[in-house]
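One structure is given here, and the rest of the page talks about it.
No value in this document is a laboratory result; all are computed from the given coordinates. Keep in mind that this is a model prediction, so the values were computed, not measured. FYI the Cβ positions are ideal-geometry reconstructions off the backbone, even for glycines, and counts take in every protein chain you see.
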Amino acid sequence: MAATREGATAIARSTKRSSAARRHVTVLLCILSATAILYSWNLATSGYSDYYSTAAKSMSVSWKAFFFGAFDPQSTITLDKLSGFLIPQALSARIFGFSSWSIALPQVLEGLVTVAAAYYVFSRWSGRLGAAVGALSLASAPLMISMFSHGMEDALLTMWTTLAIAAWQRAIDSERMGWLLGAGILVGLGFQAKMAQAWLVLPALCVGYVWMSHRPRTVKLRDVTWCLIATIVVSLSWMTAMTLIPSAQRPYFDGSIDNNIFSTVLGYNGINRFFSNAVPGALPGDPLFHPAGNAAIVGAVPGTIAHTPFKFFLPQYATQIGWFFPVAAAGLILGIAWVRTHRWPDMQRNLKAGLAMCSLLLISVGGVLSAMSLPHTAYLAAVMLPVAGLTGIGATLLIRAYRQETRWRLALPVAVGVQTVWCLVLLRSFPAFAAFLTAPVAALGSLGTVALAFHAFRPERIRRLLGVASILAVLGAALTPTVWTLSTLNPAFAGTADDAYGGPQVAAVAARKLVRHAAYGIGLDSNRSIQPTESIEASAFAYAQHRTSDQWALATDSWRSAAPMILRGQTRVLPIGGFTSRAPSPTAAQFRELVAAGRVRFVLLSPAEARTGVYHPNLDALTGWTMGHCQIVSPDLYLTAQLRAAAAGVTWDTLYDCDA
């Protein structure tokens, strides 16, 4: 009889686990389906990044450019960073053909993997409800929708780091070092996407493992050491492989002055960002010009808080990642209280792991982002996982406290009230767009708060009130974030391929313009297809390529001029100067040798506003030699009357013929 009862109990437990697993799968599939719609809605209109999309195009037509991450098809110069984030885009373009949707498609898939991994992690921290709320808040954040529906580097980085945290959670659950080693490998893969930014999660992974694992201290320290070794090996593997190839057989490494990829990655994109010229071989900063950054949003951040965590509460940032900050704060506060009082043993260890990881990520990743100027809003994606995780924990604990705990019953109505006020505060920055939201949000939030508070004191007498109060509270808290999420379905509010920003912009952001590149658009997002300069450059190239069989039909002193030609499928374009216009690729002496050897005949010199920065002595020497030794090609020879009329008032590029 005892054996029979034990068998029946085992079967019941197995059935219960299977039923719970099926519910998890069902919920996750629903969330992923909605996420796929959000992320893929604007694929056809996602657009291009002049700089990165050009490299993706080159990598899709040349395996050499693919390996090195070259900007041009003939692999004369690389990007000014590692190009791992472009590998999925280049492969997609090679398979489906180069288009805006084919290079945006990989980011959609990366977003789905990220949400699925986050759901798994959140389910360990706060159960099915917390997983659903956390995954939905992460997937529907305007920043995440914009980022995962465009081709940008932060998407792949976010996927790898989220998977690394999932592996960390498995290491905590299983007490097996292999999972922690896997987390280190995944961080190393994230390094290929966005270099040292991936390493910002390492302190959280290592400290969190030592904190949460039950293994002996010496064993934990050994495991962490192997994790760090795995991260470093994987991070440096690609750079090492490229360095082993002789310089004559590979492109020049942009971002360096010594043609060294380590100088580019660890100096120009790393240490030198914080300590000027700390790595001698890295390309130094422009001594005469310090731009505010590529994103228009940078100029709207007040200087007094630009380097503090308070900037995350500004409307231009909070509308992207922080609609549920009050719920996340409640999760942190209640979670700490519950862990300290040892309530709910069924959630104790997993809840502690979630609080530990979220807190450590906010300290390590959030601390660095707080201190630095953010050139792109996409950087904020790095803090979305801990914010979403705390949101899921907050929703779970608030509901549990309301149902079971007398001491904390009022936490839920207080949180709903604070959430309502927070949404109303953010709406004040959007008087035109959000005018219709203020009244319903205030009404629903207030009624929900009052009803929940009233029911908290009289739960037995007015049971029906709980359902009405819950509906009002959810509608009031979620109405504004939902409107912002749905607004991203409109291409005008979906962001660009160069910066993730979903929903309407605050007035200070919308008014911000980088005047220096006015002829080419804002920052990298030049939208050159509407500029007459693109047609002029295409006509100049067509003229040059029919008059020479040299290795390069034309050389240009600006990547902005080279980009539209390469995107059109031209391979005989020599870009000079790299992204900053200051890379010695080629030097003035090397360029003269190319002309003398008959490898370059035509040179397209851009107006000054097409260059990045204002200090580039090598390029000045090269263009000075060109203007002194080559002849200007009359625009009448390659421009039609209609095109000249359309470009009236525009300062276009000048074509030179260096044929001796």
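Please identify the trypsin sites (Lys or Arg not before Pro) of the stretch 392-456 that satisfy two criteria: DSSP loop assignment and at most 11 other Cβ atoms within 10 Å. Which are they?
Numbers: sites: Arg400, Arg403, Arg407, Arg409, Arg428; in loops: Arg407, Arg409, Arg428.
Filter output for the stretch 392-456: Arg407, Arg428.
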- Item | Cβ-based exposure ranking for Asp72, Asp636, Asp173, Asp653, in which fewest neighbours within 10 Å come first | Asp636, Asp173, Asp653, Asp72
- Query: Excluding Ser585 itself, what net charge comes from residues whose Cβ is under 14 Å from its Cβ, given Lys and Arg +1 and Asp and Glu -1?
  - Reply: -4
- Item | Unit charges on C-beta of K, R, D, E only; dipole of the chain, Debye | 3200 debye
- Helix 464-487: angle to the longest alpha-carbon principal axis of the chain, degrees 0 to 90, nearest 10? 0 degrees
- Item | Residues whose placed amide H lies under 5 Å from that of Val600, excluding near-sequence neighbours | Val595
- Message: In the chain, if the dipole is taken from +1 on Lys/Arg beta carbons and -1 on Asp/Glu beta carbons about the Cα centre, which of Thr580, Gly624, Ser373 is farthest to the positive end?
- Response: Ser373
- Of all chymotrypsin sites (Phe, Trp or Tyr not before Pro) in the stretch 581-620, which ones are in loop regions per DSSP and have a Cβ with at most 16 other Cβ atoms within 10 Å? Tyr615
- Decide, for the stretch 2-391, between rounded, prolate and oblate: order the square roots of the alpha carbon gyration tensor eigenvalues as a ≥ b ≥ c, take rounded if a/c falls under 1.5, and otherwise choose prolate if a/b is larger than b/c, else oblate. prolate
- Task: Return Lys81, Lys57 ranked ascending by Cβ neighbour count within 10 Å, so the fewest neighbours appear first.
- Result: Lys81, Lys57
- Query: So how tilted is helix 50-61 from the main axis of the chain? Cα-based, degrees 0 to 90, rounded to 10.
  - Reply: 80 degrees
- Query: Modelled label-to-label distance, Glu593 and Thr240, 7 Å Cα→beta-carbon offset: nm?
  - Reply: 3.1 nm
- Message: So in the chain, which Cys have no other cysteine's beta-carbon sitting under 4.7 angstrom from theirs?
- Response: Cys30, Cys206, Cys227, Cys358, Cys423
- Read through the labelled values [x] 176; [y] 243; [z] 201 and report the label of the one computed as volume of the Cα convex hull per residue in Å³ from the structure. [x]
- Here the relative contact order (percent) of the chain, from C-alpha pairs under 8 Å and at least 6 apart, is 15 percent
